Amino acid sequence: GAGACKPGPGIVSVHAVWHLRAPLRAMPSQSLLGKLLRKRRAGNSNSPERTPSKQIRTNAKTLTFVLDGKARADGMPVACGLPGQVVEDTEVAGNGNEQKLEVPTLLEDEGMHIRWEKVLAGRHASKLSSEELRELGEGGMPLKHRHALWPEWFTAPNINDIEQLQGNVPNDVAAQIEADVARTQPKFLGTAERATLRRVLRAYAAANPSVGYCQGMNNIVAVFILLGFDEATALRGCYTMIQGCCPGYHDRDLAGFRLDALVLGELAQRVLPAEIYDRLQALDVPIEVLISEHFLTLASRSWPLHATARLWDIILQEGSPAVFASFLALLKLYLPDDKDFHQENNLANGYEASEPVDIFRSRVSLGVSNDLEAILREVRRLIPLIPQNTINQLRFEFAGKKH
């Protein structure tokens, strides 16, 4: 049901069959994911094309459709500027060059708002049933309702001592956070938003010294900040995602992540068509490597903001089953077969041949930008096939095999 990202049973410390490059926690972000994942093909962009409509900056809680001073009546998508982002602001990049911030966009149209208001019928969004939320969510969720619903779905309590926690961060952890804050969403985060990102990450690390900080957390927290959530709410969201939806993924030995990589492999064999599972096996790539970016950042590093928010609408409602379903959907839709592999390399026409994993990532990127609805439909279709009790049982079995 709604708010399903609850902490599961304790994660048993396990050692993976395949070892990731260590020490992960000491690597810069780019090195971590760069070493785990093959470099994306040149020119592969994860950002969707901006809608032709004029961008509007809006209060996060009230979205009005305005184009050149006139109310929008045709129901066409509008690129919604988010609070706290002023496109004319400049930031000093690490190389000393000034760069203009871009405004992240959420694709919302008038029809979406009308649909929600009709179903709400004067009720607060939190009063909607799980079934109503699922049905409405299929057409997207307005930002103002995310601001109302996401905090209701967070499972973490309010943390009121963020300021006090700032002074309790070990120097080495603080240095890792500082390095990653500087390179997180550089096109979108201004000075004030970067300060919030820093404070939230430091507060989480201080409050959870056994975990501290792990790369991937910065991308997760940045989503809440870009969507206009305040500092305290962003910290609650961070807790919910990291401890509930990604149990043990960011621990010092990545035990939960390694364990769920094994679980995903088993689920792939159970729920994907045999031919897709055979393609996955033929890749001959450790499953940990293939899923690392998606699982450790919940897609927030490589997916554009509007797509990440749509996926998180589902994850926050459905919990871990949605995390697994989201990657299984990508495998089903975009994992290349031998024919795709040969076609891609024939098109290379003398350039360096692409590996199947590179083709998969390239196709996922294009799919997220051009056909997000198909991905989300497949995610929703798979979720009932992956109940939480099945995930818990597989975690228990795989953890037991390591002892």
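Observations on the structure shown:
- Of residues in the range 281-306 being open to solvent by 10 Å² or more (accessible area, probe 1.4 Å) and part of a loop (DSSP other than H, G, I, E, B), the one farthest from Ala255 (Cα to Cα): Pro304
- Some residue of the range 163-172 being among the charged types (D, E, K, R) and within 21 Å of Trp153 (Cα to Cα): no
- Taken over the range 227-241, the criterion of being farther than 17 Å from Ala156 by Cα and surrounded by 24 or more Cβ atoms within 10 Å (Cβ to Cβ) is satisfied by Leu227 alone.
- Among the residues of the range 248-280, those identified as more than 17 Å from Tyr213 (Cβ to Cβ) and outside any helix (DSSP H, G or I) are Leu272, Pro273.
- The residue list Asp180, Asp172 contains one member that is part of a helix (DSSP H, G or I) and over 24 Å from Ile315 (Cβ atoms), which is Asp172.
- Of the strands (runs of 3 or more DSSP E) lying entirely inside the range 61-148, those containing at least 1 residues that are crowded, with 17+ Cβ neighbours inside 10 Å and at pLDDT 65 or above span 106-108.
- Some residue of the range 208-216 being assigned to a helix (DSSP H, G or I), buried (at least 24 other Cβ atoms within 10 Å of the Cβ) and not β-branched (Val, Ile, Thr): no
The values are calculated or read from the model by the stated rules, or taken from the named source; none is laboratory data. Note that this is a predicted model, so its numbers are computed, not measured. All Cβ positions, even for glycine, are placed from backbone atoms using ideal geometry, and neighbour counts span all protein chains on display. When the accessible area is computed, the model is the full protein with side chains, heavy atoms only, and any ligands, DNA or RNA have been set aside. Shrake-Rupley method; radii C 1.70, N 1.55, O 1.52, S 1.80 Å.
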